[in-house]
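Heads up: the structure comes next, in structure tokens.
The values are calculated or read from the model by the stated rules, or taken from the named source; none is laboratory data. This one's a predicted model, so the numbers in the text were calculated from it and none came from an experiment. With ideal geometry, Cβ positions are generated from the backbone for all residues, glycine too; neighbour counts draw on all protein chains shown.
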Amino acid sequence: MNNLVILPVLVPLLTGIFLIFFNKNISAQRWISTVSGLLTIVVSGILVQTVFESGIQTLQLGSWKAPYGIVLVADMLASLLVLTASIVSFTCILYAFRTIGKEREQYYFYSMVQFLMVGVLGAFLTGDIFNLFVFFEVMLIASYVLIVLGGTKIQKRESIKYILVNIISSALFVVAVALLFAVVGTLNMADLSQKISESGQTGMLTVVAVMFLIVFGLKGAIFPLFFWLPGSYQAPPTPVTALFGALLTKVGVYSIIRVFTLIFYHDTGFTHFLISILAGLTIVVGVIGAVAYWDVKKIIIYNIMTAVGVILFGVATMSTTALTGSIFYVVHDMIVKGALFFIVGAMAVLTGTYNLKKMGGLIKYHPALGWMFFLAVITIAGIPPLSGFVGKLLIVQGGLEGEHYVLAFVVLLSSLLVLYSVMKIFMNGFWGETKLSLKEEKGTTKGLLLPTALLLSLSIALGIGAEWFLPYFYQAAESLMDPSLYIEAVLKE
Amino acid sequence: MEILMSFVIGILFTAATYLILSKSLLRIIIGTALLSHGAHLLLLTMAGLKRGAAPLLGEAGPYSDPLPQALILTAIVISFGVTSFFLVLAYRSYQELGTDNLDKLRGNDSHE
């Protein structure tokens, strides 16, 4: 029992409620959000260190014993993601100060961000599969508000599709939980894992596993279920897109990792093979989209899909090396996608358009922005010693050890195309003929560089200090490979 | 009784799928409501319909499982909130976009 586990959920929840009362006082809202963002980071940092030093931490809510009550579990994977998510959301809040606009600020933008964080962090920390559904819904309802807030035409049009897709996937989630409950008779993840390993993973359970894959795949935008992503993520303003792109898809990915390493890991020949095929196709589709479009936001959005594919490939391989790589890559991708969206948003602020063909030569007046973008580009492409390299290296190494030669090749090839797709932005947007003089620019990058620089320096630290950070990721992967650690921590208290 | 319920759930899902595939936004919303009803009933049926006494101390056992009721209550509240949000959004976008036909809500970058 450790009350620390609930703090990352509690801090944003209370802040969110508190902020509702200050909706007209923007500067108060900004201060409260900043302080609470920092507080969440500090709490999550302490959580990571505690888990690193003394193993998995649990909290039984209301002191109801584990398989009966709801339990929150912070293992290394969960707490690392909690820390990363709180850092990314903090920078999104900083970025929003300059870009989101007074109207949205007055209509509860900051509280909604906090509620979104409640859902995201809660989903990472919960140890009960129905509670996971509840935190998903908290996150989704906040995201519905964020995607529609501001009410421009494109937002309304796209948010209808986004909400419809998510309502259907929520209903499927309930169905999957019901079937699981009918077969196993429990909803606590540790208890589920134990009971399924005792009774064996029957055909019915594999069906349920695939249903969960569909539900989480819809959130994580894996291959056949990604159709809603490019449109919906394009509609809201940049800080919201950055939040969604960095966090929401990763919650889906996290749930796939959790469910398929803790509960349904017995029939890997079928489920994990399926995941690896889907991962490969996701990478291919993501790369095609990224190469094809000339809209800077769309290029980055399709790159999210590529990253999801790479991460899932590591998960499908199910070896400690590949899982370490996957977890490292999730963390890296959350950080660097946030930074990329920030920079692309800053480009749009300067030029007033997302169309790459109308930009050009931005580096003449904005060298800092340009070189930061260059750094983000080589990070995302996985050039050593930056953080993308470490993750991809481990994933490919794990893939080759597991003899998935074709998919490992696809991952490597995708790096090149990803590099091409973002280099396209650099070549056309920053280099080339300067199309706008300083006076013609639509806005300034003042206040936008700080959050970007924060994320990028973190990404560089993660790459250069990989030797120092890797023990954390190894611990996360090891406890995923050995579910008995998780079960013991939850049930044997 | 469970078999009868299974048929009811099946019919609900069929109707929901049919409605969601139609073009009018209002029909789609009713479809999503039916879909969540189906899911909730499934949750209730899957745990076994009432088998014994109310799970209170003092009642003679065997008891019914109270967990599905708690789960359904949570799920109903969530789907209630989401459906009402969806209805308001549909109304607002009907006012602004002037259509509730999903075919006309298609668009790409050039259609701001």
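Which ones in region A:455-493 are touching a Leu at 6+ places or on another chain (Cβ under 8 Å) and under 30 Å from A:G101 (Cα atoms)?
Result: A:L456, A:S459.
Being at pLDDT below 85 and either in contact with a helix residue (DSSP H, G or I) (Cβ under 6 Å, 6 or more places away or on another chain) or more than 12 Å from chain A (Cβ to nearest Cβ) (or both) is the requirement here; does B:A53 meet it?
Numbers: at pLDDT below 85: yes; either in contact with a helix residue (DSSP H, G or I) (Cβ under 6 Å, 6 or more places away or on another chain) or more than 12 Å from chain A (Cβ to nearest Cβ) (or both): yes.
Taking the combined requirement at face value, the residue satisfies it.
Between A:L179, A:L192, which is touching a residue at least 24 places away in the same chain (Cβ under 8 Å), buried (at least 22 other Cβ atoms within 10 Å of the Cβ) and not charged (D, E, K, R)? Even if it seems obvious, please write down each step before you answer.
Working: A:L179 fails: buried (at least 22 other Cβ atoms within 10 Å of the Cβ).
Unique residue meeting the criteria: A:L192.
Could you go through region A:221-231 and let me know if any residue there is away from chain B (no Cβ under 12 Å), within 20 Å of A:F115 (Cβ to Cβ), aromatic (F, W, Y) and buried (at least 19 other Cβ atoms within 10 Å of the Cβ).
Just the residues of region A:221-231 that are away from chain B (no Cβ under 12 Å), to begin with: A:221-229.
Restricting the remaining residues to those that are within 20 Å of A:F115 (Cβ to Cβ) gives none.
No, region A:221-231 contains no residue that is away from chain B (no Cβ under 12 Å), within 20 Å of A:F115 (Cβ to Cβ), aromatic (F, W, Y) and buried (at least 19 other Cβ atoms within 10 Å of the Cβ).
Conditions (1) small (G, A, S); (2) facing chain B (nearest Cβ under 10 Å); (3) crowded, with 24+ Cβ neighbours inside 10 Å, marked per residue:
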{"residue": "A:K102", "(1), (2), (3)": "no, no, no"}
{"residue": "A:E105", "(1), (2), (3)": "no, no, no"}
{"residue": "A:V120", "(1), (2), (3)": "no, no, yes"}
{"residue": "A:D128", "(1), (2), (3)": "no, no, yes"}
{"residue": "A:V134", "(1), (2), (3)": "no, yes, no"}
{"residue": "A:V138", "(1), (2), (3)": "no, yes, no"}
{"residue": "A:S143", "(1), (2), (3)": "yes, no, yes"}
{"residue": "A:I168", "(1), (2), (3)": "no, yes, no"}
{"residue": "A:V174", "(1), (2), (3)": "no, yes, yes"}
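Return yes or no: is A:V207 surrounded by fewer than 22 Cβ atoms within 10 Å (Cβ to Cβ), within 14 Å of another protein chain (Cβ to nearest Cβ) and modelled with pLDDT of 90 or more?
Values: surrounded by fewer than 22 Cβ atoms within 10 Å (Cβ to Cβ): yes; within 14 Å of another protein chain (Cβ to nearest Cβ): yes; modelled with pLDDT of 90 or more: yes.
Against the criterion (surrounded by fewer than 22 Cβ atoms within 10 Å (Cβ to Cβ), within 14 Å of another protein chain (Cβ to nearest Cβ) and modelled with pLDDT of 90 or more), A:V207 qualifies.
Among the residues of region B:8-32, which ones are surrounded by fewer than 19 Cβ atoms within 10 Å (Cβ to Cβ) and of a type in the set (A, V, I, L, M, F, W, C)?
Taking region B:8-32 first, the residues surrounded by fewer than 19 Cβ atoms within 10 Å (Cβ to Cβ) are B:8, B:10-11, B:14-15, B:17-18, B:20-24, B:26-27, B:30.
Passing the criteria: B:V8, B:I11, B:A15, B:I20, B:L21, B:L26, B:I30.
Could you run through region B:73-86 and say how many residues are aliphatic (A, V, I, L, M) and either more than 9 Å from every other protein chain (Cβ to nearest Cβ) or touching a Pro at 6+ places or on another chain (Cβ under 7 Å) (or both)? Steps first, please.
Looking only at region B:73-86, we keep the residues that are aliphatic (A, V, I, L, M), and these are B:73, B:75-78, B:82.
Keeping just the survivors that are either more than 9 Å from every other protein chain (Cβ to nearest Cβ) or touching a Pro at 6+ places or on another chain (Cβ under 7 Å) (or both) gives B:73, B:76-77.
So the count comes out to 3.
What's the total number of residues in region B:62-72 that are without any contact (Cβ under 8 Å) to a residue 12 or more places away in the chain and within 10 Å of chain A (Cβ to nearest Cβ)?
Number satisfying all stated conditions: 1.
Determine whether B:L67 is closer than 30 Å to A:T152 by Cβ and surrounded by 17 or more Cβ atoms within 10 Å (Cβ to Cβ).
On the way: closer than 30 Å to A:T152 by Cβ: no; surrounded by 17 or more Cβ atoms within 10 Å (Cβ to Cβ): yes.
So B:L67 fails the test.
Taking the options B:T17, B:T32, B:T74, B:T83, name whichever one is closer than 23 Å to A:P67 by Cβ, assigned to a helix (DSSP H, G or I) and modelled with pLDDT of 90 or more.
Values: B:T17 fails: closer than 23 Å to A:P67 by Cβ; B:T32 fails: closer than 23 Å to A:P67 by Cβ; B:T83 fails: closer than 23 Å to A:P67 by Cβ.
Just one listed residue meets the conditions, B:T74.
If I filter region A:348-366 for residues that are closer than 23 Å to A:S459 by Cα and without any contact (Cβ under 8 Å) to a residue 12 or more places away in the chain, do I get at least one hit?
no
Looking only at residues that are crowded, with 16+ Cβ neighbours inside 10 Å and within 31 Å of the chain's Cα centre (by Cα) in region A:429-449, which one is modelled with the lowest pLDDT?
Per the stated criteria, the residue is A:T445.
Mind listing just one residue for me: the one in region A:146-166 that is facing chain B (nearest Cβ under 8 Å) and buried (at least 21 other Cβ atoms within 10 Å of the Cβ) and, of those, nearest to B:A47 (Cα to Cα)?
A:I163
Does region B:92-109 contain at least one residue that is small (G, A, S), assigned to a helix (DSSP H, G or I) and over 24 Å from A:G150 (Cβ atoms)?
Kept after step one, since they are small (G, A, S), are these residues of region B:92-109: B:93, B:98, B:107.
Remaining after also requiring assigned to a helix (DSSP H, G or I): B:93.
The next check asks that each one be over 24 Å from A:G150 (Cβ atoms); those that pass are none.
No: zero hits.
Against the condition in a helix (DSSP H, G or I) and surrounded by fewer than 23 Cβ atoms within 10 Å (Cβ to Cβ), how does A:F389 come out, does it pass?
Working: in a helix (DSSP H, G or I): yes; surrounded by fewer than 23 Cβ atoms within 10 Å (Cβ to Cβ): yes.
Spelling it out, A:F389 is indeed in a helix (DSSP H, G or I) and surrounded by fewer than 23 Cβ atoms within 10 Å (Cβ to Cβ).
Residue-by-condition table, conditions (1) of a type in the set (A, V, I, L, M); (2) in contact with a helix residue (DSSP H, G or I) (Cβ under 6 Å, 6 or more places away or on another chain); (3) at pLDDT below 90:
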| position | (1), (2), (3) |
| --- | --- |
| A:G269 | no, no, yes |
| A:I283 | yes, yes, no |
| A:Y302 | no, yes, no |
| A:V308 | yes, yes, no |
| A:V315 | yes, yes, no |
| A:G325 | no, yes, no |
| A:M334 | yes, yes, no |
| A:K364 | no, no, yes |
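So which residues in region A:366-385 are modelled with pLDDT of 85 or more and assigned to a loop (DSSP other than H, G, I, E, B)?
A:H366, the sole residue that qualifies.
Take B:L89 and tell me if it is modelled with pLDDT under 80, within 9 Å of chain A (Cβ to nearest Cβ), crowded, with 17+ Cβ neighbours inside 10 Å and within 30 Å of A:I299 (Cβ to Cβ).
no
Check region A:320-336 and report whether any residue there is more than 24 Å from A:Q234 (Cα to Cα) and surrounded by fewer than 20 Cβ atoms within 10 Å (Cβ to Cβ). I'd like the intermediate steps shown before the answer.
Of all residues in region A:320-336, those more than 24 Å from A:Q234 (Cα to Cα) come to A:320-328.
Narrowing the set further to residues that are surrounded by fewer than 20 Cβ atoms within 10 Å (Cβ to Cβ) leaves A:320.
Yes - at least one qualifying residue is present in region A:320-336.
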